[in-house]
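Read the structure below first, then the notes.
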Amino acid sequence: MPHATFACVIRTRKPELRKGYSDTVRATTVEEPPAPWAEVEVDAEYTVTLFAFSWALLPVGFMLMMTLFDRYEEHRLPLAAASLLMLVFAFVSGVAQRRSAWSEGCVQLATATLVSAAVCLGLVWGLDLVAWWWVPYGLVFGSVATMFVALNRLASCTSPTVRCAWPAKTHLPLAAFDGWQIQHGAWINGTMGSKRRSNGTVLTLFGRVEDEATYLCIDQLCPLEDRPSWNDFGVDFAQLAIGLSAHHAEE
């Protein structure tokens, strides 16, 4: 007796993709830097900055309590001075880690509020204008907000620095830099020029010495997803490579 056979069809349902998602996986392409340039991760550590900023908020909290409850009037200005000093320390510890930081708009705003608070506090305290204590208090409170925005911006800018070995005695071909403000055509161990792109990204050209070798570096102050393509740097990397080749040929 022949065995009975049967077939069943199991319908499989293709998972529905959420709207706006593609059904194909797109590989993220990363542009390789033009030779002889290489990328170097940004060496920025904000642990000390966060620790100092959190401790600075403690006296600022006491300032807020004095403002609300109107007590201990003789300690108002000394407490404001202590708070401001701690805020400045936290701010400098974060900003000093990036070459392009002082060109960032939010950093400049935070600097202006801190300087204004310091000047106002000095005038009120030095001229014994205690009735105007609320002015430096307001500026210190405002500095906390602008500092938070500035430091948060710097911490989010993780785009790597690009660099290449550059002989210290070789001058830069200025024609290779389009739209840049070059302060030093000769290599120096420090900032040599800068450029601000239309989207706000700040690029800084600087020289650096590492292990007795001299490098020409470009810092990108922007998040990783906003980093410019090599054509958007405004730098003719081919012309720079020719200058390096000419120097090596002379040697």
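Values quoted throughout were computed directly from the atomic coordinates according to the rules given, and no laboratory measurement underlies them. Fair warning: this is a prediction, and the values are worked out from it, not measured in the lab. Glycine gets a Cβ as well: all are built from the backbone with ideal geometry, and neighbour counts include every protein chain shown.
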Run the quick spin-label model on Gln183 and Met65: label points 7 Å from Cα toward the beta carbon, then report their separation in nm to one decimal. 4.4
For the stretch 36-122, run through the trypsin sites (Lys or Arg not before Pro) and keep only the ones in DSSP coil with at most 14 other Cβ atoms within 10 Å of their Cβ. Arg71
Net charge of Cβ neighbours under 15 Å - reference Ser198; Lys, Arg +1; Asp, Glu -1: +1
What order do you get for 113-125, 222-234 when each peptide is scored by the mean count of other beta carbon atoms within 10 Å, highest first? 113-125, 222-234
For the stretch 57-96, run through the chymotrypsin sites (Phe, Trp or Tyr not before Pro) and keep only the ones in DSSP coil with at most 14 other Cβ atoms within 10 Å of their Cβ. Tyr72
